[in-house]
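Notes for the one structure printed next.
Just so it is clear, none of the values below were taken in a lab; they were calculated from the coordinates. All of these numbers come straight from a predicted model, not from anything done at the bench. Cβ sites come from the backbone with ideal geometry, for glycine too, and all protein chains shown count toward neighbours.
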Amino acid sequence: MVEAILDVRGVSKRFAFNGESVTALTDANLRIEKGEFVCLIGPSGCGKSTLLRMVAGFESVSDGELLMWTKPVTGPGPDRGMVFQDYGLFPWLTVRKNIGFGPVARGRPAKEVRATEERFVEMVGLTRFADAFPHQLSGGMKQRVAIARVLANDAEVVLMDEPFGALDAMTRERLQAELLEIWAKQKLTVLFVTHAIEEAIVLADRVVVMSPGPGRIVADERIDLPRPRDPTSPEFNAMRRHLGGLLAGHH
């Protein structure tokens, strides 16, 4: 058995709310190997984002264990980078400086930082906008900067919480294609939360289906369609119906 880069073992998460204990996630088990692209889908309140935040180290585990390369996750680290729906860019820094923020914070030499900035600015196609500020960019461009910033920080695992949810359909499709290109080139491991079944099938090697109240993993489906995937193909639509049925059955 290949060693998993991420191993979620019997993980539960409880929050205190109005003096009561609320279970957000119960007994989650998930193994992800290096280089896999895994999507989490499920209705609101099923614990998708909670699980993502625990992998990121922003939330602690109530029960079970969460391992990266067999070591417990005890807090955030540059090996796991998070991309949010609202970009999370520093408005006072240029595109280039946003991308270089992590290496600077980790004390990398100036020459290395500069080379890293150039490499990732180019990788996400923003060379012309390297000295622009976030308010001067479109939503799609901001999301590219957010992705580049995570990659420039040497993240092995990229955690994405509905990163394309606020974008128009055409921009979303373009960024999905670009993300897959970067993923393949960089041999990244991606854990991606989405509400959209179609987006999950376009992107993922595996789609993990979650149900609410309290959140549980109810299915882990391998997507064996060749890439790039055609949403109009019969195979794609059969998978969409299958996943839709799983979601409907656990509402």
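Rounded to the nearest 20, the Cβ-based charge dipole of the range 1-130 about its Cα centre (Lys and Arg +1, Asp and Glu -1) stands at 520 debye. A run of the chain free of exposed loop cleavage sites, with trypsin sites (Lys or Arg not before Pro) counted only in DSSP states other than H, G, I, E and B and at most 12 other beta carbons within 10 Å, reaches its longest extent at 1-105. On the principal axes of its alpha-carbon atoms, the range 153-251 has extents of 38, 32, 26 Å, going from largest to smallest.
Take the Cβ-Cβ distance between S21 and S44 as r, set R0 to 25 Å, and report the resulting FRET efficiency rounded to the nearest 0.05. That gives a FRET efficiency of 0.75. Each stretch of four or more DSSP H residues adds -39500 (n - 2.57); spread over every residue of the chain, this sum gives -10500 deg cm²/dmol at 222 nm.
Remark: T116, T70 ranked as T70, T116, counting other beta-carbon atoms within 10 Å and listing the fewest first.
For the range 24-138, a Kirkwood hydrodynamic radius built from all Cα pairs, placed in the Stokes-Einstein relation at 10 °C and 1.306 mPa s, yields a translational diffusion coefficient of 95 µm²/s. About the centre of its Cα atoms, the chain shows a dipole size close to 540 debye [charges on the beta carbon of Lys, Arg (+1) and Asp, Glu (-1) only; nearest 20 debye]. Between the entries (i) 20.3, 57; (ii) 18.3, 55; (iii) 25.3, 79, the label attached to Rg and Dmax of the Cα atoms in Å calculated for this structure is (ii). Placing dummy labels 7 Å off each Cα toward the beta-carbon, the span from D224 to T70 is 3.1 nm. Going by C-beta contacts inside 10 Å, put S49, S12 in order with the fewest on the left. Least crowded to most crowded, the residues run S12, S49. Which of A105, A28, A56 moves most in a GNM of the chain, Cα contacts under 10 Å? Sorting by GNM fluctuation, first place goes to A105. Cross-link partners of K71 among lysines, defined as those whose alpha carbon lies under 25 angstrom from its own and excluding same-chain residues fewer than eight positions apart: K13, K34, K48, K187. Inter-label distance, E118 to A177: 2.9 nm, where each label sits 7 Å from its Cα along the C-beta direction.
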